[in-house]
1. From Leu102, Leu44, grab the single residue that is buried (at least 16 other Cβ atoms within 10 Å of the Cβ) and of a type outside the set (Lys, Arg).
2. Do any residues in segment 332-360 that are closer than 30 Å to Ser319 by Cα have Cβ atoms under 8 Å from those of residues that are polar (S, T, N, Q) and open to solvent by 20 Å² or more (accessible area, probe 1.4 Å), where the two are at least six apart or on different chains, and which pairs are they?
3. Give the residues of segment 157-168 that are open to solvent by 70 Å² or more (accessible area, probe 1.4 Å) and either modelled with pLDDT of 90 or more or part of a helix (DSSP H, G or I) (or both), sorted by residue number.
4. Starting from segment 251-272, take each residue that is β-branched (Val, Ile, Thr) and list its partners that are outside any helix (DSSP H, G or I), counting only C-beta distances under 9 angstrom and pairs at least six apart or across chains.
5. What residue, among those in segment 354-367 that are assigned to a helix (DSSP H, G or I) and of a type outside the set (A, V, I, L, M, F, W, C), is surrounded by the most Cβ atoms within 10 Å (Cβ to Cβ)?
6. Residue by residue through segment 297-353, note down the ones that are open to solvent by 40 Å² or more (accessible area, probe 1.4 Å), charged (D, E, K, R) and assigned to a helix (DSSP H, G or I).
7. Hey, could you check segment 368-386 for residues that are farther than 15 Å from Thr332 by Cα and not in a loop (DSSP other than H, G, I, E, B) and say which is least open to solvent (accessible area, probe 1.4 Å)?
8. State which residue pairs qualify: first residue touching a residue at least 12 places away in the same chain (Cβ under 8 Å) and inside segment 282-300, second residue surrounded by fewer than 21 Cβ atoms within 10 Å (Cβ to Cβ) and among the aromatic types (Phe, Trp, Tyr) in any location, beta carbons under 6 Å apart, and separation of 6 or more residues or different chains.
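The values are calculated or read from the model by the stated rules, or taken from the named source; none is laboratory data. Only a predicted model underlies this, so the values are computations on that prediction, with no experimental measurement involved. So basically every Cβ, Gly included, is an ideal-geometry build from the backbone, and we count neighbours across all protein chains shown. Remember, those area values only see protein heavy atoms, side chains included, never the ligands or the DNA or RNA. Shrake-Rupley method; radii C 1.70, N 1.55, O 1.52, S 1.80 Å.
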Amino acid sequence: MTTADGHAARAASRSRPAARASLLTRPLASYYLLLSSTLLLVALGLFMVLSASSVTEFAKSGSSFTLFRKQLLWVGIALPLMWVAVHLPVRVFRRLAYPVLLGAVVLLIMVLVIGFEVDGATRWMMVGPFSVQPSEFAKLALALWGADLLARKAKLLHQWKHVFVPLLPVATLLALLIILEPDMGTMMALLCVVVGLLWVVGVPMRVFALLSAALVAILAGVAVSSPYRYDRITAWLDPEAHASNNAYQAIQGKIAIAQGGWFGVGPGASRQKWGALPASQTDYIFGIIGEELGLVGTLVVVLLFGVLAYAGIRIAMRSVDPFCRYAAAAVTCWIVGQAVINIAVVVGLVPVTGIPLPLISFGGSSLLTTLFAVGMLAAFARNEPEAAAALAARGPTAVRRAGRWAVRYYGFGPAPSGPGRRRTRTRRSPRRSDAA
């Protein structure tokens, strides 16, 4: 290598970090990071739902694609809903805050009355041909309402009573309704929303410590008061002693991850999905990912959630509107916190609790609310001052230009310029001399 080549190589190596930095400083970096990580997680989720459910569904219905078709249907509904949310103005989200909260409370009460029981919990109710889990909508409702509440009180947030009231009483009401189902996993995800809201308004760490101590005491009391929750905790502390009953699912999840090794046994080649691992397409789908795709596959999932977390926090920090800042922090803590809880359950760091892996696990209610929340985050990213200026400079998208051209071409506006336009003949008004 010549001296000139050495200088060129060193210059190129120095330019790579600068190029990466320039990509992250672009106005729409948050927008593209958020959507790309989300769509990759959804695509991976579709594949893993098909793989994890294929054996059991074939045994039940004679088709390996039963749950996959349902999940594909939910994706087909949720993605357009996300696209709509991306293009909604911020004021629409604020107007939705109180109606969505009221609807969530009504649905949580209704599910206790008319819901149906699955595995000892009344979490679902039928809405037409679909089974709906109202507790999933409660997380979105609290994020919207809490952000709107704190934004309205922006000048009073130096007084702690205005930070905590009525935010904590309403969050407690939602948590109590969810515990009655019972659904500890969703309640913990709901607490992630509260943590996100309190963190972004600047609550000191000592207050967080006091709230955390009170929360641990409450959860301990709830766990001891319920026999099945107490059994789960004892099984988590000593899984070998409860391997045939309460710790069976946790042990099988660890076995699935251990069998995967570095690179997995191969897509679709899981052995645990043949009935050994319960809830393999929902709460324990991360175990099937670890078995089929190995440590590399699980790290890719963690990396994608890390990218989503970075994009969400970046949106919150760059937002000028207080509502956008608070809602972005709450939604990011909800989605990422729920993913952390699910992964911690599968690898055995916390006791077993029923909570899906966002964007990946099978479930329509979770997918609808999560993708709508991601669309709202993307709308906030587009609303950042620099991003809005970049979008304005770019002009309308090809889809929007085509829509405007079609509207004008068919007579609902001024005729477009250029070849192929429809020419309309206007009748010439008679002149005075002609009339005479």
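1. Leu44
2. Note: pairs meeting the criteria are Pro356/Thr282.
3. Result: Trp160, Lys161, Val165.
4. Partner pairs satisfying both residue conditions: Ile251/Ala243; Ile251/Gly348; Ile255/Gln272; Ile255/Ala276; Ile255/Leu277; Val265/Arg271.
5. Here the residue is Ser366.
6. Result: Arg318, Arg325.
7. In this case the residue turns out to be Leu368.
8. As it stands, the answer is Gly294/Trp262; Gly294/Phe263; Leu295/Trp262; Val296/Phe263, since those pairs meet every condition given.
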